[in-house]
1. Setting aside same-chain residues fewer than 8 positions from Lys95, which lysines have a Cα under 25 Å from its Cα?
2. Any idea how far the Cα center of the stretch 140-163 sits from the one of the stretch 109-130, in Å?
3. Students often forget the sequence filter, so: which aspartates and glutamates lie under 19 Å Cα-Cα from Lys175 once same-chain residues fewer than 8 apart are removed?
4. Mind sorting Ser211, Ser5 by how few other Cβ atoms lie within 10 Å of their own Cβ, fewest first?
5. At a 10 angstrom cut-off on C-beta neighbours, averaged per residue, how do the peptides 30-37, 71-78 rank from highest to lowest?
6. How about Lys182: which lysines have a C-alpha closer than 26 Å to its C-alpha, ignoring those fewer than 8 places off in the same chain?
7. Taking Kirkwood radius over Cα pairs in Å as the quantity of interest, determine which of (i) 17.6; (ii) 20.7; (iii) 19.5 was computed from the displayed structure.
8. Could you work out the local net charge near Tyr23, counting Lys and Arg as +1, Asp and Glu as -1, over the other residues with Cβ closer than 12 Å to its Cβ?
Amino acid sequence: MECLSFAEPKPAGGAEAGSVEVYVYDQGTPLQAFGMYGSERTGDEKPLQLGQEGHDSEGSLYFWRDRYYCQVQPSSNAQPAVEQAAELAAQLNDKLPRTEFQVPGLTWFPKQGLKPGTITYVLKEGLGQDWFDDLYTAKYDVGGVEVQAFVARRDTEAKAAELLAKYQAFLKSSKAKVSQVKLSGVSMTEMDDKGMVDIVFRRGTTFAGVSYVEGKRPAETIAARLAAQ
C-alpha cells in the first residue's frame with residue numbers, strides 16, 4: 001500500500017484545514033483487487049464512474065482497476081474537501097492501467113432478487129471456514145429477508161465433491177436438524193438451526209449454496225435458483 005496526504009482547502013473563519021488521504025493498494029491480481037473492493041461495500045453506496053468499478057460512501061471514494069484498489073478519503077464533508085477528493089480521484093484514475101478485467105463470477109449468479117453491487121470474490125476463509133478458499137458470494141432479497149449465496153468452481157468434480165463433504169461434515173457437527181431436500185431437480189443438504197438455514201449442493205465442478213438464512217422459504221428459493229442457473 002502507498003499513501004499520500006493532501007491538505008484540504010482552508011475553510012473560512014480561520015479554522016484548521018483538514019486533509020484528503022489517498023491510498024493505493026497493489027493486490028497482486030485484478031481478481032484480488034475486485035475482491036478487496038467488494039469486501040468493503042454494502043451495495044447501498046452511490047455508483048461512480050471511476051476505475052473499472054467505483055462508489056461514493058458519504059464523500060469517501062473507492063474504486064478498483066487492474067490489480068489496484070484505491071481509496072480517496074476527505075476528513076470532512078465540506079464541499080471544498082469533497083470537490084478536492086473528487087479531483088484527486090480522477091487524477092489517480094487517469095494514471096492507472098486502462099485494461100478491463102472480466103470477473104468470472106459476475107455471470108454465475110441468477111439475476112432475480114440479486115442486490116446490486118453485492119457480488120464479491122473471497123480469496124481465503126470463506127463463510128468463516130479456514131478450509132474454504134477461492135469463492136464468490138452475493139446477496140439477495142427475498143420478501144425483505146437478506147440471503148447470502150455463494151458459488152465455488154473447481155477444475156475437477158472430485159475437488160468440488162471434497163468441498164461439499166467438508167461443508168456437510170461442518171453442518172452435521174452442530175446439534176441442528178440436517179436433512180436432504182430436492183430443489184430444481186438437485187439433491188441438497190439442508191441444515192435448520194432454530195430457524196437459521198444453510199443449504200449446500202454440488203453440480204459437476206460447482207459447489208454452491210446459501211449460508212445462515214433467516215427462514216426456510218427464502219433459503220430454498222435462492223438455492224433453487226442457483227441450481228437452475
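1. Filter leaves Lys46.
2. 8
3. Glu190, Asp192, Asp193, Asp198, Glu214
4. Ser5, Ser211
5. Descending mean neighbour count gives 30-37, 71-78.
6. Within the straight-line limit of under 26 Å, Lys182 reaches these lysines: Lys111, Lys115, Lys139, Lys159, Lys166, Lys172, Lys194, Lys216.
7. From the options (i) 17.6; (ii) 20.7; (iii) 19.5, the structure gives (iii).
8. In short, -4.
None of the figures in this text is laboratory data; all of them are computed from the coordinates on show. As the structure is a prediction and not an experimental result, all values here were calculated from the model. Cβ sites come from the backbone with ideal geometry, for glycine too, and all protein chains shown count toward neighbours.
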